[in-house]
1. How many of the residues making up region A:161-191 are part of a loop (DSSP other than H, G, I, E, B) and either under 24 Å from A:E288 (Cα atoms) or touching a His at 6+ places or on another chain (Cβ under 8 Å) (or both)?
2. So is A:D314 away from chain B (no Cβ under 13 Å) and surrounded by fewer than 19 Cβ atoms within 10 Å (Cβ to Cβ) or not?
3. Just for region B:123-172: of the residues that are within 14 Å of chain A (Cβ to nearest Cβ) and of a type in the set (F, W, Y), which one is surrounded by the fewest Cβ atoms within 10 Å (Cβ to Cβ)?
4. Of (1) at pLDDT 90 or above; (2) in a helix (DSSP H, G or I); (3) open to solvent by 30 Å² or more (accessible area, probe 1.4 Å), B:L9 satisfies all except one. Which?
5. Here's a check for you: in region A:83-104, which residue that is within 14 Å of another protein chain (Cβ to nearest Cβ) and part of a loop (DSSP other than H, G, I, E, B) is least open to solvent (accessible area, probe 1.4 Å)?
6. Quick one: which residue in A:A129, A:A124, A:A189 is within 14 Å of chain B (Cβ to nearest Cβ), farther than 30 Å from B:S77 by Cα and of a type in the set (G, A, S)?
7. Here is a check on your reading of the model: is A:A229 open to solvent by less than 10 Å² (accessible area, probe 1.4 Å), within 14 Å of another protein chain (Cβ to nearest Cβ), free of Cβ contacts under 8 Å to residues at least 40 places away in the same chain and on the phi < 0 side of the Ramachandran plot?
8. Name the single residue that is surrounded by the most Cβ atoms within 10 Å (Cβ to Cβ) among those in region A:140-160 being within 14 Å of chain B (Cβ to nearest Cβ) and either free of Cβ contacts under 8 Å to residues at least 40 places away in the same chain or assigned to a strand (DSSP E or B) (or both).
Amino acid sequence: MYHKEKSIQIKNSASALYNNLSVLRIAPRRLTHFTVVHANMVNMVSASWDGLNYTHRQLQSKEPNVATSTSLIMQAAFCVLPSRDLLVVTSQKGIQMYESDGSIMVYWHALDTPETPTAQAVFARGIAAVYENYICVGVSSGAILVFDVPSKGSNITLSEVLEEHKESITDMASECSGSQECIANLVTADDGGNLCVWKSGEEFQLLNKIPGFDMSCSSVKLWKGTAVAGYGTGQIRLYEAVTGILHAEINAHARWIYSVDIAPFSGLLLSAAEDSLVRVWHMTITPETNSVEVAHLHNECVTDTQICGARFCDGDGYAFAVTGYDLSEIIRYIQS
Amino acid sequence: MSSRTLPLLFINLGGEMLYILDQRLRAQNIPADKAKKVSTIPGWIEADRKRVMNDIITTMFNKKFLEELFKPQELYSKKALRTVFDRLAHASIMRLNQASMDKLYDLMTMAFKYQVLLCPRPKDILLVSFNHMDAIKDFVKDTPSILSQVDETYRQLIEMYTLLSSGEFQLIRQTLLIFFQDMHIRVSIFLKDKVQNSNGRFVLPTSGPVPHGTQVPGLIRMFSCTGEEFTRLKFNNGGNYTTALREGSFDIFGDRVTKLGTNMYSVSRPVETHMSGTSKNSAQHTKVSAAPNPLAKEELNLLARLMGGLEVQKPGNADTGFRISLFATDEEEEEALISRPDELSCGVINIQATKDQQANAELAKIMGEFTESGDQSPSVSNKGDDLLAMMDGL
């Protein structure tokens, strides 16, 4: 179903972090940006579609104060809003927002880091762009910061802090089907596997809480009202977000899942884990009849690699890319 | 990232160090007639070997040191940690020269990297730590005073770690993996056992028991709105997995189940590393720690504080000194030192000579704090000399 394509070399190897690959497809310029986090920097590579041009850029985490120790980056993700695209980078020190090509930093938000380290680590993790002009970022305390993003310029403001989760935020995702009819448009996940379902607005509204069973949810997506969550046990669960009804449970991987992604136009689902496997599934979701079906389509094994990031490169799922711990390349697969 | 990582890093690396030293001490226990071939490396008698192990373990589990270690803090840099282990390795009458120390450190770190990567679940790193602790306890089982220090450490580990969630353990694991990033030194014993490839990367099998708490992959269950399962589908998982083994014990005593963290060396399976072909991989790993560290002075103060209160054995006469080597012959050892890629020799913290005066005063003050507490210790001036000598040597 898929075959391996030429890999893209990156300047540093990928660190073992959840969802450690972000992809932004820029059709008008016929190129795709990829970002991969290595310790305290983000490797960005822009690949032209003809495969002839690769430009590299590295972004360092911001050090507000040189005397402090290295600030490790937890995640980098592209945020696509109606008026603009931004690259958001979250670290132990705070949140940086860049123009999507990484050229200029437009916003910096510092986290409250204590003078001496506490037992509970402090960091930001979990990034989502939410309808209509919000960027949400999770924090290790469980709080979710909601930023209001103007269509131009750097006048980004912190609009709200959502305090519902009690454990560190791991990932979050907004509704990606493009449908405006979905009631819920954000799902957030934490270290205890708990999912919160929200409706965005001037004041975000909590629609539902789906309990975890003390098993961390490391990656989550929302499509056609269905929350698709990958867990540390290797399971993937599909919940109807607003009601919390469990529609499907997959014993998908033999190790901790690090990434799930959805191709919204085709309903393809991608999952990747520490077990070296990337799996492709197909979901058929009919919200009107409340029916959800999942079928397994394909496996790819990245030998001797613990995968940390996997994303579709386009909305149909025609191609996907993978990163692995200690690997200095982005491996690509294309449908045969 | 996780501020609870350092104790696990230190204890596991320390455990590996003890396995290797124990093996080398036994291996160098050679009968007199064979000693002629390796004449500069004297044979070790059993009493000396036990004494070395006891001295190192006593230092490792020193009460004040452990108090500092268990405080929430970020991981030390690679250089700073290497310095701690250099000091630890020399906490006895044993002497290692640069090449042997480098090799010892490479082996320790690659072994623990392997264990961290192969742990089925992040929480199993604690079981690996207990395996190391169990072995350390066995090394000192005849010495009650050290034994009680070790038992105290078990209690601290249990108190700190057994209640952590799986997500917090994964954060610890991710922090450790950043520390080990890009290290691909080839280790003979791993290559022979086929757990490491010739490119230095570890083999990650897609077979064997799944972790405790995980199901064997291959099943999709679908449910109706009322919660009834209406169908199940099987799929090919591309591997050869079996159900999970029973969970290991997180108590002071018990069967840990996992073999990771147990002693893989024995007299008949000597320790070796291959240094060739690693230079291009190592270039990246040193980049992270290569930037001149403005904190070096601060880190050294903390280190000095940690080690400052500890008894330091005066090194014996260099010629007849109790030298241990990680190589079969002196020639091999020299050869290894010469051919070692520069980037891997990261055991040095650069400190400006001009800053010594101020630092000396601070160190003297810190030493003062320790001697006041009434610890048995050599005279202040000896300690001062030793610490300053350490700084000069850097």
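1. Looking only at region A:161-191, we keep the residues that are part of a loop (DSSP other than H, G, I, E, B), and these are A:164-168, A:176-185, A:191.
Applying the additional criterion that residues be either under 24 Å from A:E288 (Cα atoms) or touching a His at 6+ places or on another chain (Cβ under 8 Å) (or both) yields A:176-185.
Going through region A:161-191 one residue at a time, the tally reaches 10.
2. yes
3. Checked region B:123-172; the qualifying residue surrounded by the fewest Cβ atoms within 10 Å (Cβ to Cβ) is B:Y161.
4. Checking B:L9 against (1) at pLDDT 90 or above; (2) in a helix (DSSP H, G or I); (3) open to solvent by 30 Å² or more (accessible area, probe 1.4 Å), the one that fails is (3).
5. A:Q92
6. Details: A:A129 fails: within 14 Å of chain B (Cβ to nearest Cβ); A:A124 fails: farther than 30 Å from B:S77 by Cα.
One residue alone meets the criteria, A:A189.
7. Judged against the criteria, A:A229 is not a match.
8. A:S140
The values are calculated or read from the model by the stated rules, or taken from the named source; none is laboratory data. What you see is a predicted model, and the numbers here were worked out from it, not measured in a lab. Heads up, the Cβs are rebuilt from the backbone with ideal geometry, glycines too, and the neighbour counts pull from every protein chain shown. Each accessible area value is taken on the protein alone, full model and side chains, heavy atoms only, with ligands, DNA and RNA left out. Shrake-Rupley method; radii C 1.70, N 1.55, O 1.52, S 1.80 Å.
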